[in-house]
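Engineer: First, the structure itself, so that you have it in front of you.
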Amino acid sequence: MLAVEPGLQTAGLGRAILAEAEKRAKEVWGVASMRMTVIAQQEKLIQWYERRGYTKTGLTRTFPVDTGVRTPLRDDLHLVLFRKRI
């Protein structure tokens, strides 16, 4: 999971973390692509990942719920699967 404190979100920190993760995945593990899931309702975040080359695969996943930790405030959450060749 990746998250950047809201007050730091325009400082390029998320972009730097993502770029380093992609670099290391390619160099250390020799992977050719990255996959990730994003909460479907996070439209601005989805647009952010799309600007960085991630594309929707057309697949979705159920949002994981652990009521022992926290109950979601919405019952329509689901995840969208993205992929990027690196």
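Engineer: Please go through the range 36-56 and pick out each residue that is touching a His at 6+ places or on another chain (Cβ under 8 Å) and either in contact (Cβ under 8 Å) with a residue 60 or more places away in the chain or on the phi > 0 side of the Ramachandran plot (or both).
Structural biologist: Correct list: empty.
Engineer: In the list LEU81, LEU8, LEU73, LEU59, which residue meets the criterion of being aliphatic (A, V, I, L, M), surrounded by 14 or more Cβ atoms within 10 Å (Cβ to Cβ) and either touching a Leu at 6+ places or on another chain (Cβ under 6 Å) or at negative phi (or both)?
Structural biologist: Just a single option satisfies the conditions, and that option is LEU81.
Engineer: Here's a follow-up. So in the range 18-56, with the set limited to residues that are hydrophobic (A, V, I, L, M, F, W, C) and closer than 10 Å to VAL80 by Cα, which one is surrounded by the most Cβ atoms within 10 Å (Cβ to Cβ)?
Structural biologist: VAL38
Engineer: Taking only the range 59-86 into account, find how many residues are in a strand (DSSP E or B) and either modelled with pLDDT of 90 or more or of a type in the set (Gly, Ala, Ser) (or both). Before the answer, list the steps.
Structural biologist: Going through the range 59-86, the residues in a strand (DSSP E or B) turn out to be 59-62, 66, 70, 78-85.
Now restrict to residues that are either modelled with pLDDT of 90 or more or of a type in the set (Gly, Ala, Ser) (or both): 59-62, 78-85.
The qualifying residues number 12.
The values are calculated or read from the model by the stated rules, or taken from the named source; none is laboratory data. Owing to the predicted nature of the structure, the values given are computational and were not obtained by experimental measurement. Neighbour counts run over all protein chains shown; Cβ positions are idealised from the backbone, glycine included.
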